[in-house]
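Following: one structure in structure tokens, then a few remarks.
The values are calculated or read from the model by the stated rules, or taken from the named source; none is laboratory data. Note that the structure is a prediction, hence the values are computed from the model and not measured. Cβ atoms come from the backbone with ideal geometry, glycine included; neighbour counts cover every protein chain shown. Remember, those area values only see protein heavy atoms, side chains included, never the ligands or the DNA or RNA. Shrake-Rupley method; radii C 1.70, N 1.55, O 1.52, S 1.80 Å.
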Amino acid sequence: MKTWSLSWGGLTTVAALELRQRVRSSRWLAALIVWFLVIGGITLLVINAAQTWKITPSQPYCAAGACHLPDNVSTVCQISAAGPAVCAPADAAGSTAGEETTCSVQPDGSVLCSILSDFRPPLSCSVAADGTAACSYDEVDGWRPTIGPLVFSLVVLFVLGLGLLVTPALTATSINGDRHAGTLATLQATRLSAAEIALGKLLAAWATLFAFLAAALPWLATGVVIGGLPILGVLVCVGVLLLELAVVCALGLGWSALINRTSGSSLLTYASVVTLSFLTLIALVLALPLVSTPTQVQVWRLPKDVQAQWEQEMSNWWEANDEALANGETTVSPQPVAPVSQCHWETVTETLTHTERIWQLTVLNPFAIVADAAPEPPVARSHPNLYAGYSGDILFSVRHGIAELAAGPNLESDLCPYSDGAIGPTGLPEASPIVVSPSEPAVIWPWGLAVSLAIGGLFFWIAVRRLRIPYGALPKGTRVA
Amino acid sequence: MTLPASLEPAPERLAAGPPDAEAGGRTGVVGVRAVGVKRAFGPVKAVDGVTFDAPQGAVTALIGPNGSGKTTLLLILAGLLRQDSGTVEVSGFDTVSQNVEARTRVGWMPDAFGAWDALTPTEILSTFGQAYGLPKARRRARAAELLERLHLAEFATAPARVLSRGQKQRLGLARALVHEPEVLLLDEPASGLDPRSRIELRDILRDLAQAGATVLVSSHVLTELEEVCDTAVFLSRGRTIAPDRTAAAATTTRGWRIRALDPASLRAFLDAADIPWQAGSAASDGEVIVDMASPESASQLLRAAVAANVTVHTIAPVSGQLEETYLALNEERR
Ligand SMILES: Nc1ncnc2c1ncn2[C@@H]1O[C@H](COP(=O)(O)OP(=O)(O)O)[C@@H](O)[C@H]1O
Ligand SMILES: [Mg+2]
């Protein structure tokens, strides 16, 4: 019982002792400075690269009689000095699918076009009477593409990644190291309880991580401000990140209590971090074949013979018009139209990978947990495809990926050869009978965090048990003092 | 000093209650009481049957050769190690069932004191004061007081890594004294100390005992403890030596230390005269110890030796009975 008693005085004694020792070492300040510079350097490089190479989500630009989207492929407006500007977005193949453009001539003679798309943030382009044009993204649900989410994502990932590297050094030798230095037993012999010693060390290590976070804060704030990210969500994300690192502190503490040699406990702590961060992903990949099973799937398609007949007609048409098309002639016979009214449901057996059975492995991964806890602007809910494509929000992409793993494969597919190709907001052809219910993606981070905290708690418990005095059995080869 | 190690029935122990405010612990309680204590590490029986009382207000020596289990025993007394069997009470508190109560009354100084190298002695002492729950002002005053007392004041603000071994040892003692313990357990405190520091250590221990503390000091160097201890407990192969044996050893004839310029001729003389002798503790300079009943016999022996041209330059009673007892027990070192 006394083992677990905690007092504020006891905790601060141990934590202050640890922190004071840490502060005395000059390497420490150097590490903080290097950390600040590394994260800052990366942030600045990313901002610079994004601007130089017009990586999304930088602004569209107009030059040489045309306005372009930053992907350098799609042209939004063709501007001719003679007549009014023509704004109609076109991709490289010249298709304008899914876009809706409305242009109006303003009283001053300029043309204002608004271009709506399901896959691209809405654009406003204005072409003045003298032919100079300017395009900019419009807001969607309070969001317009900026570099903010990208910067925020990168800083969070770097703080987590480097934090996972630094944290084991804070606790992985703290108990066995003190035992070797002969300072542990004298502390245990005082009034301090085992829990106070263990928790004091944990808190000191955690407080050190706060210093690292503080050093990264200017860069984090850069992302938050540019991106206009919701503050509450940012706090949750950073909080989850710090708790994940606290779990690593506890892992180190547990190993340093279990293993006599400091090199052994360091190794095992790093191995634990690698297991959680990478081996979970490798295990996920290796488990994919295990969940690939023949599954009955509903397919909306033409009956087999009708399909075959239509394919034959199509190939005949291509043969007949091959030369004419190659010569760029436009007067070709109309393409045969598939009898889509004959499409029906068919049950077929396909080998599908049921990721919904193994996606839970990601719940152990600190990167997945932190990404899932990342702030989510409303647009990410209302227009997920748009946000995924244009925000540069890596954390969102990770979350999106996990949600897709969790959802598993589609058990309904649409192979009906529609001729107009219009795509509905769900990404399926508009005429498709498949109804996709807009389900809210599951929130996994509370579960992941709970599992992590349980693991951390277990290792903390081990550390306290190993510090409990009077010692019964001693680990082989250790002396109390 | 009184031998044997006191084993007489202790006065009625008070029921465990709040400790007396005064230094030196609660009245009517034996400082340290060990009964049938055993502790093994795997096959090694480090402590194999230890029974003794260390009274309050006295310095008790814990004497035994290397590996006899002194350190292990002190760890048990300090509440760090659990005995396999037997009971230990410190200031009236059981070290297992009332571990915290016992622990807070004990000042324990390990044989090798590790200091936090980056911290200053002042910081180390006040950290320990804090760990024992002393209020801030008190621990500051206590740290200054102890550093002064142990002649470390000039290093008060230097990092502990600059201290020499002897200075660290003194810091270790100061650390053990921070919370004014009722029971002081010192594991080979004199090792690494220069002669002057040893005398000072002796004075400190005497003062503490005078103030009512229970002081238990372990050592394998006999002369270290001779002048300071009131009682002694002998440990051999993890066992306390039965008090009647130590008593018998103590009441035998007194040993005399004899040294000659030519040790060989001294030994030849003794052999020729058929006088039993044994090598003394300073055997390297040819010292021998001869048991004699009285100073008269010693004087006779001296006269005879000089007459036989043995170049005797020193003859003196063995200074301490501890050493005699120790030798009389003739226990082997492990
Ligand atoms: N933690 C331990 N594990 C194994 N053996 C030990 C341990 N501690 C002490 N011993 C053994 O117990 C015996 C007594 O040791 P110790 O108490 O250190 O003796 P002393 O202090 O009298 O020299 C020795 O033989 C030692 O090797
Ligand atoms: Mg020892």
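A:Thr478 meets the conditions (1) at pLDDT 80 or above; (2) within 16 Å of ligand 2 (Cβ to nearest atom) in every case but one. The failed one is (1). Within region B:45-73, the residues that satisfy the criterion of being among the aliphatic types (A, V, I, L, M) and within 16 Å of ligand 2 (Cβ to nearest atom) are B:Ala46, B:Val47, B:Val50, B:Ala61, B:Leu62, B:Ile63, B:Leu73. The set of residues in region B:145-190 being part of a loop (DSSP other than H, G, I, E, B), in contact (Cβ under 8 Å) with a residue 60 or more places away in the chain and away from ligand 1 (no atom under 16 Å from the Cβ) consists of B:Val178, B:His179, B:Glu180, B:Pro181, B:Glu182. Residues in region B:106-118 that are away from ligand 2 (no atom under 16 Å from the Cβ) and modelled with pLDDT of 95 or more were compared, and the one that is farthest from the other protein chains (Cβ to nearest Cβ) is B:Gly107.
From the list B:Glu89, B:Glu123, the lone residue that is in contact (Cβ under 8 Å) with a residue 24 or more places away in the chain, away from ligand 1 (no atom under 16 Å from the Cβ) and either more than 10 Å from chain A (Cβ to nearest Cβ) or of a type outside the set (A, V, I, L, M) (or both) is B:Glu89. Of all the criteria given as (1) within 14 Å of chain B (Cβ to nearest Cβ); (2) touching a Ser or Thr at 6+ places or on another chain (Cβ under 8 Å); (3) not polar (S, T, N, Q), the one not satisfied by A:Ile197 is (2). Pairs please, first residue from region A:179-198 and at positive phi, second anywhere and at pLDDT below 95 and in a loop (DSSP other than H, G, I, E, B), Cβ atoms under 8 Å, 6+ apart in sequence or on different chains. What qualifies is A:Gly182/A:Ala481; A:Gly182/B:Pro110; A:Gly182/B:Ala112; A:Gly182/B:Phe113; A:Gly182/B:Gly114.
Results for (1) at pLDDT below 80; (2) in a strand (DSSP E or B); (3) not assigned by TED's automatic domain parsing to the domain that holds A:Ala221, shown as yes or no for each residue.
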{"position": "A:Ala97", "(1), (2), (3)": "yes, no, yes"}
{"position": "A:Cys103", "(1), (2), (3)": "yes, yes, yes"}
{"position": "A:Gly109", "(1), (2), (3)": "yes, no, yes"}
{"position": "A:Leu112", "(1), (2), (3)": "yes, yes, yes"}
{"position": "A:Ile115", "(1), (2), (3)": "yes, yes, yes"}
{"position": "A:Ser126", "(1), (2), (3)": "yes, yes, yes"}
{"position": "A:Asp130", "(1), (2), (3)": "yes, no, yes"}
{"position": "A:Pro145", "(1), (2), (3)": "yes, no, yes"}
{"position": "A:Leu150", "(1), (2), (3)": "no, no, yes"}
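When restricted to residues that are out of contact with any helix residue (DSSP H, G or I) (no Cβ under 9 Å at 6 or more places or on another chain) and surrounded by 22 or more Cβ atoms within 10 Å (Cβ to Cβ), region B:148-204 contains 1. Here B:Gln56 meets each of (1) within 13 Å of ligand 1 (Cβ to nearest atom); (2) open to solvent by 30 Å² or more (accessible area, probe 1.4 Å) with one exception, condition (1). Kindly indicate whether any position in region B:169-185 is within 16 Å of ligand 2 (Cβ to nearest atom), in contact with a Lys or Arg (Cβ under 7 Å, 6 or more places away or on another chain) and under 30 Å from B:Gly49 (Cβ atoms). No, region B:169-185 contains no residue that is within 16 Å of ligand 2 (Cβ to nearest atom), in contact with a Lys or Arg (Cβ under 7 Å, 6 or more places away or on another chain) and under 30 Å from B:Gly49 (Cβ atoms). Filtered by the rule that a residue be small (Gly, Ala, Ser) and either within 16 Å of ligand 1 (Cβ to nearest atom) or touching an Asp or Glu at 6+ places or on another chain (Cβ under 9 Å) (or both), region B:93-119 gives B:Ala102, B:Gly107, B:Ala112, B:Gly114.
Within region A:309-329, restricting attention to residues that are surrounded by 11 or more Cβ atoms within 10 Å (Cβ to Cβ) and aliphatic (A, V, I, L, M), the residue that is farthest from A:Leu352 (Cα to Cα) is A:Ala324. For region A:406-415, indicate whether the set of residues that are over 17 Å from A:Gly233 (Cα atoms) and touching a Lys or Arg at 6+ places or on another chain (Cβ under 6 Å) is non-empty. Looking through region A:406-415, at least one residue is over 17 Å from A:Gly233 (Cα atoms) and touching a Lys or Arg at 6+ places or on another chain (Cβ under 6 Å). One residue alone among A:Leu209, A:Leu164, A:Leu203, A:Leu232 is open to solvent by 20 Å² or more (accessible area, probe 1.4 Å), over 14 Å from A:Ala463 (Cβ atoms) and more than 14 Å from every other protein chain (Cβ to nearest Cβ), and that residue is A:Leu232. Which ones in region B:62-86 are away from ligand 1 (no atom under 13 Å from the Cβ) and touching a Phe, Trp or Tyr at 6+ places or on another chain (Cβ under 9 Å)? Matches in region B:62-86: B:Gly79 only. Screening region A:177-193 for residues that are of a type outside the set (Asp, Glu) and open to solvent by 10 Å² or more (accessible area, probe 1.4 Å) and picking the one that is nearest to the other protein chains (Cβ to nearest Cβ) gives A:Gly182. Only residues that are more than 15 Å from ligand 1 (Cβ to nearest atom) and not small (Gly, Ala, Ser) were counted across region B:191-243, and they come to 26.
Say we look at region B:205-224 and pick out the residues that are outside any loop (DSSP other than H, G, I, E, B) and open to solvent by 10 Å² or more (accessible area, probe 1.4 Å); which of these is nearest to ligand 2 (Cβ to nearest atom)? Selected residue: B:Glu224. Highlighted here are the helices (runs of 4 or more DSSP H) found entirely within region B:234-334 that include at least 3 residues which are open to solvent by 20 Å² or more (accessible area, probe 1.4 Å), at pLDDT 70 or above and of a type outside the set (S, T, N, Q): B:263-272, B:295-307. Of the residues A:Ile369, A:Ile394, A:Ile402, the single one that is of a type in the set (Val, Ile, Thr), open to solvent by 40 Å² or more (accessible area, probe 1.4 Å) and in contact (Cβ under 8 Å) with a residue 40 or more places away in the chain is A:Ile394.
If we scan region A:462-471, do we find a residue that is open to solvent by 40 Å² or more (accessible area, probe 1.4 Å), at pLDDT 95 or above and β-branched (Val, Ile, Thr)? For region A:462-471, residues open to solvent by 40 Å² or more (accessible area, probe 1.4 Å), at pLDDT 95 or above and β-branched (Val, Ile, Thr): absent.
All told, B:Ile124 falls short of being within 16 Å of ligand 2 (Cβ to nearest atom) and under 20 Å from A:His180 (Cα atoms). When every residue of region A:27-41 is checked against the conditions, at least one turns out to be exposed (fewer than 15 other Cβ atoms within 10 Å of the Cβ), over 22 Å from the mean Cα position of the chain (by Cα) and within 13 Å of another protein chain (Cβ to nearest Cβ).
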